[in-house]
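Below is one structure, written out as structure tokens; the observations come after it.
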Amino acid sequence: MQLTSNVMDTALIFEGGGMRGAYTAAVVTTLLQTGLHFNYVAGISAGSSHTVNYVSRAPERARRSFVDFADDPRFGSWWTWLQGKGMFNAKYIYERVPLPDGVLPLDFDTFRANPADYRIGGFDVDAGETVFWTRDDVHEVLDLMRRVRASSSIPLVMPPVMIDGRMYVDGALGAGGGIPLGVAQRDGFTKFFVVLTREREYVKEPYRHPRAWHAYYRKHPAIADGILGRAAAYNAVREELFELERAGRAVVFFPEHMTVENRTHDVAALQAAYDAGLDQARRELPRWKEFLGVGVG
């Protein structure tokens, strides 16, 4: 069956947040199970995983990626971090698990067949800016998942990723502090459905000790600059989202009570977060459908 989209004038945007994505994976599930198919999706960090699961139309994979999978003994720990593999075992998670014989295989055929445009953001360490990959950059599953890995590679927590001779880390170091609103605006969108992983009242505090950050990243100063500038960029984008809400040009999903952290590994806690997100998403669904003007079941 040929895949089609039914939301053409609104950009779907996913914020990152590590394992806080367990809560917002429920939004992916709800959108897909309801038949809300956006023709444009952008994500950064954990939001790039949501983007992949959404475009591949895999609601159960969306849940398992942020809940069940945390129980995998190869998922990551202090031991894998000490080995240089990352607190999250990045190469295994992104470049082994999605393969056809992996524990969470990705339906790459469906992903490619989906007509939706997508943007996955990673921070180019040499250029000092977030770049966005599109379907033009992806020809096989590892092309895709290596970019998702790069988008998700939190400094200190995970090692950087080399793609085509360039070094990348977590896209949240640029591009609105992790909310890819700007790329959707540059692509011509004026309506937005934005999925965040922090409560409405949240304000990001700036990192302290700038000299220490610059000393640690003296060979890659753009990383230190991105880390130190992230709070201001992030808070500014949230203020812009509040304005878009008031103008009737955005629906923003804010978790009511975020009960997990970005490095939570406890499956029961992650499942509880997913369940809470699912309950909230179902309550908000009528408002979403009214905003999108899509008459679906």
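The values are calculated or read from the model by the stated rules, or taken from the named source; none is laboratory data. Keep in mind the model is a prediction, meaning the values are calculated, not measured. Neighbour counts are summed over all protein chains in view; Cβ atoms, including those assigned to glycine, are modelled from backbone coordinates with ideal geometry. We work out accessible area using only protein heavy atoms, side chains counted, and drop any ligands, DNA or RNA first. Shrake-Rupley method; radii C 1.70, N 1.55, O 1.52, S 1.80 Å.
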Local charge sum around residue 56 (other residues, Cβ-Cβ under 15 Å, Lys/Arg +1, Asp/Glu -1)? +1
Going by a ≥ b ≥ c, the root eigenvalues of the Cα gyration tensor, does segment 120-203 fall in the rounded group (a/c under 1.5), the prolate group (a/b larger than b/c) or the oblate group? oblate
Can you give the FRET efficiency to the nearest 0.05 for residue 236 and residue 162, using r as the Cβ-Cβ distance and R₀ = 22 Å? 0.10
Set of lysines near residue 191 by C-alpha distance (under 17 Å), chain-local residues within fewer than 8 positions excluded: 289
Stretch gain in nm, segment residue 75-residue 137, where the contour uses 0.36 nm per residue and the Cα spacing is subtracted: 19.6 nm
Sort 136-145, 58-67, 240-249 for me by packing, meaning the mean count of neighbouring Cβ atoms within 10 Å per residue, highest on top. 58-67, 136-145, 240-249
Reduced Cα scattering model of segment 87-240, Debye log10 I(q)/I(0), q = 0.12 Å⁻¹: -0.57
Can you tell me how segment 17-161 classifies by the Cα gyration tensor, rounded, prolate or oblate, using a/c under 1.5 as the rounded cut? oblate
Segment 80-111 to segment 205-220: how many Å between their Cα centroids? 30
Surrounding net charge for residue 173, when Lys and Arg each add one and Asp and Glu each subtract one, Cβ distance under 12 Å: -3
Quantify, in whole percent, the carbon and sulfur part of the accessible surface of segment 59-214 (1.4 Å probe; protein heavy atoms only). 52
Any idea how far apart residue 202 and residue 246 come out in nm if each label point goes 7 Å out from Cα toward Cβ? 2.2
Hey, any idea what % of segment 2-51's accessible area is carbon plus sulfur with a 1.4 Å probe? 44
Output the antiparallel fraction of DSSP beta bridges having both residues in the chain, as a percent to the nearest 5. 40
Return one whole number: the accessible area per residue of the chain in Å², for a 1.4 Å probe. 44
Can you pull the one-decimal nm distance between simple spin-label points at residue 263 and residue 127, each 7 Å off the Cα toward Cβ? 3.0
Excluding residues fewer than 8 places away in the same chain, name every one of the aspartates and glutamates whose C-alpha is closer than 14 Å to that of residue 85. 95
Classify the chain as rounded, prolate or oblate from the Cα gyration tensor: take a ≥ b ≥ c as the square roots of its eigenvalues, call it rounded if a/c is under 1.5, otherwise prolate when a/b beats b/c and oblate if not. rounded
Give me the distance in nm between label points sitting 7 Å out from Cα along the Cα-to-Cβ direction at residue 82 and residue 256, one decimal. 4.3
